[in-house]
Amino acid sequence: MEIKITTRQILKVLYILSWVIFLGVCVDAGGIICNSFVALVINPANAHSFWDGVDLSGLYNYDRGYFFVETLLMSIVAVMKAIMFYLILKILHDKKLNMAQPFSVEVRRFISNVSYLALGIGFFSAWGAGYAEWFVKQGVKMPDLQAMHIGGADVWLFMAVTLFIIAQIFKRGIEIQSENELTV
């Protein structure tokens, strides 16, 4: 007996998986933002056991302003990831993926927006990583970039370029589809 997996079933699984990831990145963003606030305003000792076990006490003790900027960059990256998965959930939930006419303005706009978000994530990740590397050169004890959730900027930038190219292909597909509808 052969089991056939349909596109609709795959999209349902991806929708559920996207919800799980969305919730995870929202928790991550909220944790980074709340822990930054607590460390800066309420309890400086919180920098020692920052979000997800990251120890940013060396940076906090070096300079609170630098601590604020680094955690702000971490927050921006985390919030942009949450926005990206929100857009994914929205397009999957709104049923804007019309398989009969896949080249639609909504899908092109979605791909473009995700491309811009990936570019932003890559940019802010690279900025945060460069900032962290500068602190290490200054003698500040810093955690691993992956632990700080700002590593992998090159992957995000690669993804942005790839999605931008796909968005341009969709733009051309929409033009061809419109021309064909006018000639029929």
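Just a few scattered comments:
- Residue in region 140-162 that is more than 30 Å from A47 (Cα to Cα) and buried (at least 16 other Cβ atoms within 10 Å of the Cβ) present: yes
- I121 being closer than 25 Å to G31 by Cβ and in a helix (DSSP H, G or I): yes
- Check on S104, surrounded by fewer than 21 Cβ atoms within 10 Å (Cβ to Cβ) and closer than 22 Å to I10 by Cα: yes
- Of all residues in region 23-52, exactly one satisfies the criterion of being modelled with pLDDT under 90, among the polar types (S, T, N, Q) and in a helix (DSSP H, G or I), namely N46.
- Long-range neighbours under 6 Å by Cβ, at least six apart or interchain, first residue surrounded by fewer than 22 Cβ atoms within 10 Å (Cβ to Cβ) within region 113-126, second among the acidic types (D, E): none
The values are calculated or read from the model by the stated rules, or taken from the named source; none is laboratory data. Keep in mind that what you see is a predicted model, and the values were worked out from it rather than measured. Cβ sites come from the backbone with ideal geometry, for glycine too, and all protein chains shown count toward neighbours.
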